[in-house]
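A short write-up of the structure that comes next.
The values are calculated or read from the model by the stated rules, or taken from the named source; none is laboratory data. Everything quoted here is computed from the prediction, not taken from an experiment. Positions of Cβ are generated from backbone atoms using ideal geometry, with glycine treated the same way; all protein chains shown enter the neighbour counts.
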């Protein structure tokens, strides 16, 4: 099945797209390099956002393809057509949100270097985009799980957890200003740790997805 081959390729790319680092190493190296490494970290935080979102756009699209192929092979396309149409709607919504706005890592790093306060907008969209991405992803996988259960691919839903908390941009910005930048260190910490948790969660549910789809292929 073409869809399954493409989906497997998407999953194998996780190690390249879902880059992780630790806050302590990022902070220490930034201090040692007088902030230069900190600029690299800001670039990498934006780049991993872009790479992860693009991988997931591809993965979600290929999962829809796989489910259509499996429904057709089982002669159940009509039975799950409504759910598949809804899933394609969730796919479109998630893709539109993931690609909203111009978020080029190079562009925003340059703008940050030219006018330093721009970095707070970067902080804003890194927090906000991942939170929205996670919520849309859960909606998509809930519907995909309904279809997989109907097609008897699995008996249990595969549902990504919401692990990224909502961050109040205005409060974080005010606290950073009031504390002369000290609170900004914690803000930076959230930008590193929140996506790390998201990626760890991905590793878990993507492994579940690969297992049930592979088992279903074997059974078929």
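Residue-wise test of (1) over 30 Å from residue 3 (Cβ atoms); (2) at pLDDT 95 or above; (3) out of contact with any helix residue (DSSP H, G or I) (no Cβ under 6 Å at 6 or more places or on another chain); (4) surrounded by fewer than 18 Cβ atoms within 10 Å (Cβ to Cβ).
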residue: 169; (1), (2), (3), (4): yes, yes, no, yes
residue: 172; (1), (2), (3), (4): yes, yes, no, no
residue: 176; (1), (2), (3), (4): yes, yes, no, no
residue: 179; (1), (2), (3), (4): yes, yes, yes, yes
residue: 183; (1), (2), (3), (4): yes, yes, no, yes
residue: 187; (1), (2), (3), (4): yes, yes, no, no
residue: 197; (1), (2), (3), (4): no, yes, yes, yes
residue: 201; (1), (2), (3), (4): no, yes, yes, yes
residue: 213; (1), (2), (3), (4): no, no, yes, no
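Residue-wise test of (1) under 21 Å from residue 55 (Cβ atoms); (2) in contact with a helix residue (DSSP H, G or I) (Cβ under 9 Å, 6 or more places away or on another chain).
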{"residue": "118", "(1), (2)": "no, yes"}
{"residue": "141", "(1), (2)": "yes, yes"}
{"residue": "145", "(1), (2)": "yes, no"}
{"residue": "149", "(1), (2)": "no, no"}
{"residue": "154", "(1), (2)": "no, yes"}
Can you tell me which condition residue 146 does not meet? The list is (1) surrounded by fewer than 17 Cβ atoms within 10 Å (Cβ to Cβ); (2) at pLDDT below 95, and all the others hold.
(2)
Please determine whether any residue of segment 138-155 is closer than 21 Å to residue 19 by Cβ and out of contact with any strand residue (DSSP E or B) (no Cβ under 6 Å at 6 or more places or on another chain).
no
Are any of the residues in segment 37-56 crowded, with 17+ Cβ neighbours inside 10 Å, over 17 Å from residue 191 (Cβ atoms) and touching a residue at least 40 places away in the same chain (Cβ under 8 Å)?
yes
Options 145, 204, 135; residue that is without any contact (Cβ under 8 Å) to a residue 12 or more places away in the chain and part of a helix (DSSP H, G or I):
204
Of the residues in segment 153-162, those that are surrounded by fewer than 17 Cβ atoms within 10 Å (Cβ to Cβ) and touching a residue at least 24 places away in the same chain (Cβ under 8 Å) come to 159, 161, 162
Give 122, 118 a once-over and let me know the one that is part of a helix (DSSP H, G or I) and surrounded by fewer than 16 Cβ atoms within 10 Å (Cβ to Cβ).
118
Residues that are in a loop (DSSP other than H, G, I, E, B) and within 28 Å of the chain's Cα centre (by Cα), drawn from segment 159-182
159, 160, 161, 162, 163, 164, 165, 166, 167, 168
